[in-house]
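Structure first, commentary second.
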Amino acid sequence: MKAFLKNYRQSPRKVRLVAELIKGKRVADALLILDTLPKRASGPVNTLLNSAIANAKQAGVSVENLFIENITVNKGIVLKRSMPRARGSASRINKRTSHIMLTLIEKTLENKAKKSEKKVEKKEEVKTEEKVKKVAKSKKVVKPEVKE
């Protein structure tokens with residue numbers, strides 16, 4: 001599921017600061033981050049994320065399993081303006097714009113839970129084997145001497 005925001009009137013360098021914070025996060029976590037972030041770009045990126053979520057719902061994907069796979073901020077068009085300077089000259093002002101592309105992916109958390117359970121089981125097996133070895137070493141087996 002993808003969503004685009006084109007010609008957003010803020011420089012890409014400033015928007016990338018916001019984009020890097022939410023890359024790879026769960027959708028719910030990203031929305032929370034964007035709501036509390038004091039950057040100007042967080043509002044439009046929040047709107048873009050909500051648009052991508054709506055696109056995912058339209059495709060029939062559950063929102064709980066959505067993660068932000070990638071968010072890229074590219075350079076858009078540059079508006080060129082001039083500012084009057086000393087002695088009748090002018091200096092150029094570049095008003096930069098950004099193109100933002102957000103991609104969502106569906107990941108199931110059940111697989112991760114199963115993997116972590118398997119790891120815990122393996123660790124428990126190793127611990128029990130180590131305990132058995134320690135107990136066997138600590139107890140000396142005394143063989144009775146047989147008299148003939």
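The values are calculated or read from the model by the stated rules, or taken from the named source; none is laboratory data. For clarity, every value in this text was computed on a predicted model and none was experimentally measured. Using ideal geometry, Cβ is built from the backbone for each residue, glycine included, and neighbour counts are taken over all protein chains shown.
Points worth noting:
- Within region 1-60, the set of residues being over 21 Å from Thr97 (Cβ atoms), in contact with a strand residue (DSSP E or B) (Cβ under 9 Å, 6 or more places away or on another chain) and of a type in the set (Gly, Ala, Ser) comprises Gly24, Ala28, Ala30, Ala54, Ala56.
- Restricting attention to region 97-121, the residues being modelled with pLDDT of 95 or more and touching a helix residue (DSSP H, G or I) at 6+ places or on another chain (Cβ under 7 Å) number 4.
- So Leu17, is it surrounded by 13 or more Cβ atoms within 10 Å (Cβ to Cβ), more than 30 Å from Thr108 (Cβ to Cβ) and out of contact with any helix residue (DSSP H, G or I) (no Cβ under 9 Å at 6 or more places or on another chain): yes
- Flag for Lys6 being touching a His at 6+ places or on another chain (Cβ under 9 Å) and either over 21 Å from Glu106 (Cβ atoms) or assigned to a strand (DSSP E or B) (or both): yes
- Subset of region 1-45 [free of Cβ contacts under 8 Å to residues at least 60 places away in the same chain and of a type in the set (Val, Ile, Thr)]: Val18, Ile22, Ile33, Thr36, Val45
- Residue within region 51-71 that is in a strand (DSSP E or B), more than 20 Å from the chain's Cα centre (by Cα) and within 25 Å of Lys23 (Cβ to Cβ) present: no
- Boolean, Asn94 is in contact with an Asp or Glu (Cβ under 9 Å, 6 or more places away or on another chain) and at pLDDT 95 or above: no
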